[in-house]
Amino acid sequence: DAGVTQSPTHLIKTRGQQVTLRCSPISGHKSVSWYQQVLGQGPQFIFQYYEKEERGRGNFPDRFSARQFPNYSSELNVNALLLGDSALYLCASSLEVGDTEAFFGQGTRLTVV
Amino acid sequence: AQSVTQPDIHITVSEGASLELRCNYSYGATPYLFWYVQSPGQGLQLLLKYFSGDTLVQGIKGFEAEFKRSQSSFNLRKPSVHWSDAAEYFCAVGFNFGNEKLTFGTGTRLTIIP
């Protein structure tokens, strides 16, 4: 079975640009979460979506937005990129919201120059 | 505020020696607790989790962790490490319902020496 897949794997953008990151959850998983991992730190929660509805949002500016599609895949958008947005962006999927395991993808490495 | 602390930034252990990685959390109720491992350039792999019940939890790759409510701790242990265990280890806590809004510690980098 395919795990959580994220695309692209690497990305270089210029300050001020916009970026879209994509995530396909494990088949049958309805919940998708996004995390930002800055080099040398632990992942930080950005968003969680369940059944296409936003379930939770972390402490990130409005430049960050996301959505979940009917097939449960998800996109994370970041506008007006800053150098500080350079990070590994991780997507995690789980069967349901609650006491089920969250499976992480390999991440998208975003570099803002 | 809810928080997770991993006091050890970097630990070096000889191959075959025992290992304990520390994790403390700050929260008013019993949280959902996880340990993840991350190899360089990779995503996170779940080692084990605690939701309720027996406070000693067995995981994959020979790891175990013990939840101690009185100490607000969830330390990860392995009796004998292998060179392949070298990686970054993250403790995480779900403060709402399980997998929601995981809060991660800053990680402990484990180096194995021959």
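The values are calculated or read from the model by the stated rules, or taken from the named source; none is laboratory data. Please read all numbers here as calculations on a predicted model, not as lab measurements. Note: ideal-geometry Cβ built from the backbone for every residue, glycine included; neighbour counts use all protein chains shown.
Observations on the model:
- Filtered residue count, segment A:65-110, keeping only those that are among the β-branched types (Val, Ile, Thr) and part of a loop (DSSP other than H, G, I, E, B): 2
- Flag if A:Arg67 is more than 30 Å from B:Tyr50 (Cβ to Cβ) and within 9 Å of chain B (Cβ to nearest Cβ): no
- Residues in segment A:46-67 that are crowded, with 18+ Cβ neighbours inside 10 Å and modelled with pLDDT under 95: A:Phe47, A:Gln48, A:Tyr49, A:Tyr50, A:Arg55.
- Residues being buried (at least 17 other Cβ atoms within 10 Å of the Cβ) and either farther than 21 Å from A:Leu90 by Cβ or without any contact (Cβ under 8 Å) to a residue 40 or more places away in the chain (or both) are entirely absent from segment B:87-99.
- The residue list B:Pro79, B:Pro40, B:Pro114 contains one member that is touching an Asp or Glu at 6+ places or on another chain (Cβ under 9 Å), within 14 Å of chain A (Cβ to nearest Cβ), surrounded by fewer than 19 Cβ atoms within 10 Å (Cβ to Cβ) and not aromatic (Phe, Trp, Tyr), which is B:Pro40.
- Residue in segment B:58-76 that is within 14 Å of chain A (Cβ to nearest Cβ), surrounded by 17 or more Cβ atoms within 10 Å (Cβ to Cβ), polar (S, T, N, Q) and under 24 Å from A:Ala92 (Cα atoms) present: no
- Total residues in segment A:9-40 satisfying the condition of being surrounded by fewer than 15 Cβ atoms within 10 Å (Cβ to Cβ), within 14 Å of chain B (Cβ to nearest Cβ) and not β-branched (Val, Ile, Thr): the figure is 3.
- Set A:Ser86, A:Ser93: member being surrounded by 13 or more Cβ atoms within 10 Å (Cβ to Cβ), of a type in the set (S, T, N, Q) and away from every other protein chain (no Cβ under 13 Å): A:Ser86
- Count of residues meeting criterion [under 16 Å from B:Leu76 (Cα atoms) and either modelled with pLDDT under 95 or loosely packed, with under 15 Cβ neighbours inside 10 Å (or both)] in segment B:17-30: 4
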